[in-house]
């Protein structure tokens with residue numbers, strides 16, 4: 001039984017929500033209670049089926065696990081090929097975890113077209129899970145596009161007053177990025193046979209194995225353009241500046257559960273794309289554009305700073321902070337949604353002194369706020385600390401000089417300081433928000449009758465709070481799961497830098513010690529070190 005589960009686990013977890021959505025279509029739309037309960041149980045079953053993967057995953061092995069591969073369209077080299085490593089495992093679990101919470105949170109928020117809503121929520125979950133398990137570019141692209149459609153309808157039908165504008169803007173931005181990403185995929189697809197002399201494939205692992213260390217000058221130049229194509233597609237999804245303008249409208253207009261999924265999972269797909277494809281497959285281009293990537297990262301996406309630190313510490317922190325951000329930000333949108341259901345306004349000026357009226361709400365809000373600003377013992381701290389350690393270790397070559405300061409060179413410390421300033425500013429506005437809404441006098445008479453959270457509402461937030469404490473107090477299992485994939489990516493980046501330097505030298509020349517790449521970090525700082533097994 002266990003062998004059967006390990007062979008088919010990813011297929012079951014990915015397609016159970018889709019099968020559940022089809023089953024919901026058979027239920028009379030007037031039976032709203034049955035539809036809500038059925039959707040919740042389907043999502044909960046999906047989470048329960050995914051949870052054993054956390055314990056069955058062998059952190060000591062390299063490569064991908066739980067693989068399943070079958071020929072799909074052999075004439076063009078397409079396989080149905082899925083598998084996960086430690087990075088995709090954590091994102092898969094985050095998706096199923098937030099999936100059941102977002103559906104449970106919708107019970108009182110969604111009162112119209114209930115059946116269609118839960119069908120779209122379950123279809124969306126299948127699309128998101130498919131992105132994280134795909135090891136074939138063709139399959140990856142199908143899932144990437146498939147999740148766009150249900151999210152468009154969730155915003156466009158159940159959103160706020162400007163829902164159509166927000167939905168169309170979200171769709172067009174994402175579609176533009178997807179088309180450019182498709183061009184990058186096709187460029188790699190058609191170049192691969194020129195290197196191997198065989199037939200082409202969409203196998204992601206094969207592209208990484210063959211093209212990652214390739215020193216052919218033609219490929220190195222071409223990889224810069226492929227990187228840009230992937231960059232726009234992934235940066236829109238993260239979103240990174242200046243591709244972020246679709247996000248405020250989408251968040252404001254989306255229903256609460258839509259915002260939870262959007263912030264908690266969908267935005268992580270862009271970062272996952274960088275980690276899964278750009279870094280290991282295009283290491284030379286990644287290094288080439290690194291100063292620009294760092295500059296964009298420090299503007300607002302801290303975990304992207306960790307990813308583009310291109311060392312083990314930064315990668316550990318960046319990937320773990322993706323999970324932390326998904327939990328904390330998802331919970332914040334739940335917090336906002338709960339008060340919006342009661343008052344139908346999100347204006348901060350309308351609130352004040354709510355802690356005396358809603359003590360449970362205020363307590364959970366405080367914990368999530370502390371998690372978001374990186375308070376020790378909560379999940380945000382360990383991710384932010386590890387990112388900053390990685391940022392300090394960014395090589396001097398990826399800094400810049402300031403002429404009017406006597407040519408002072410700015411390196412890793414500069415990026416770390418910028419990241420720290422972002423953390424401080426984030427803490428300032430989060431604490432200001434909490435103080436304005438929870439403390440002071442309850443002087444607005446419309447807030448006097450607000451009820452505190454009921455059991456169902458507590459159940460949507462309590463699991464996230466427990467996870468925040470778990471990661472903050474005992475991050476060892478997460479670092480252990482990430483150890484092998486992070487080490488492999490760091491090694492490929494190091495090899496790619498050496499390959500690029502070798503290709504740039506005249507024939508027969510050897511790299512000088514001054515131009516030789518810095519040795520890769522071999523251990524995480526003591527506070528974030530991955531313990532030996």
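The values are calculated or read from the model by the stated rules, or taken from the named source; none is laboratory data. The model shown is predicted, which means the values in this text are computed figures rather than measured ones. Here the Cβ is made from the backbone with ideal geometry for all residues, glycine too, and neighbour counts use every protein chain on show.
Here are the numbers for this structure:
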item	result
Filter pass, residue 339 being within 29 Å of residue 184 (Cβ to Cβ) and surrounded by fewer than 24 Cβ atoms within 10 Å (Cβ to Cβ)	no
Residue in region 37-51 that is in contact with a strand residue (DSSP E or B) (Cβ under 9 Å, 6 or more places away or on another chain) and farther than 30 Å from residue 319 by Cα present	no
Residue within region 323-340 that is part of a helix (DSSP H, G or I) and either modelled with pLDDT under 85 or more than 30 Å from residue 106 (Cβ to Cβ) (or both) present	no
Count - residues of region 1-19 that are surrounded by 16 or more Cβ atoms within 10 Å (Cβ to Cβ) and without any contact (Cβ under 8 Å) to a residue 12 or more places away in the chain	0
Odd one out for residue 120 among (1) assigned to a loop (DSSP other than H, G, I, E, B); (2) surrounded by fewer than 22 Cβ atoms within 10 Å (Cβ to Cβ)	(1)
Residue under evaluation residue 54, criteria (1) over 19 Å from residue 480 (Cα atoms); (2) surrounded by fewer than 17 Cβ atoms within 10 Å (Cβ to Cβ), criterion not met	(1)
Condition met for residue 142 (surrounded by fewer than 24 Cβ atoms within 10 Å (Cβ to Cβ) and without any contact (Cβ under 8 Å) to a residue 24 or more places away in the chain)	yes
Scope region 230-274; condition free of Cβ contacts under 8 Å to residues at least 60 places away in the same chain, part of a helix (DSSP H, G or I) and closer than 24 Å to residue 161 by Cα; matching residues	247, 248, 267
Matching entry among 349, 362, 297 (being in a helix (DSSP H, G or I), at pLDDT below 85 and surrounded by fewer than 24 Cβ atoms within 10 Å (Cβ to Cβ))	349
Single match in 354, 388, 320, 310 (criterion: crowded, with 16+ Cβ neighbours inside 10 Å and at pLDDT 90 or above)	320
Residue among 422, 426, 383 that is at pLDDT 80 or above and surrounded by 21 or more Cβ atoms within 10 Å (Cβ to Cβ)	383
Region 59-79, residues that are within 23 Å of the chain's Cα centre (by Cα) and modelled with pLDDT of 90 or more	64, 65, 66, 67
Within region 69-84, tally of residues that are touching a strand residue (DSSP E or B) at 6+ places or on another chain (Cβ under 7 Å) and surrounded by 18 or more Cβ atoms within 10 Å (Cβ to Cβ)	6
Among the residues listed as 104, 122, 139, 129, the single one being at pLDDT 90 or above, closer than 24 Å to residue 315 by Cβ and in contact with a helix residue (DSSP H, G or I) (Cβ under 8 Å, 6 or more places away or on another chain)	129
Unmet requirement for residue 198, which otherwise passes all of (1) out of contact with any helix residue (DSSP H, G or I) (no Cβ under 8 Å at 6 or more places or on another chain); (2) crowded, with 22+ Cβ neighbours inside 10 Å	(2)
Test: residue in region 127-137 that is more than 19 Å from the chain's Cα centre (by Cα), within 30 Å of residue 67 (Cα to Cα) and crowded, with 22+ Cβ neighbours inside 10 Å	yes
Residue 152 in contact with a helix residue (DSSP H, G or I) (Cβ under 8 Å, 6 or more places away or on another chain), surrounded by fewer than 22 Cβ atoms within 10 Å (Cβ to Cβ), in contact (Cβ under 8 Å) with a residue 60 or more places away in the chain and in a helix (DSSP H, G or I)	no
Any hit, region 221-229, residues being touching a residue at least 24 places away in the same chain (Cβ under 8 Å) and closer than 19 Å to residue 172 by Cβ	yes
Residue list for region 70-107, restricted to those being assigned to a strand (DSSP E or B) and free of Cβ contacts under 8 Å to residues at least 40 places away in the same chain	70, 71
Odd one out for residue 212, checked against (1) within 30 Å of residue 111 (Cβ to Cβ); (2) in contact with a helix residue (DSSP H, G or I) (Cβ under 7 Å, 6 or more places away or on another chain); (3) modelled with pLDDT under 90	(1)
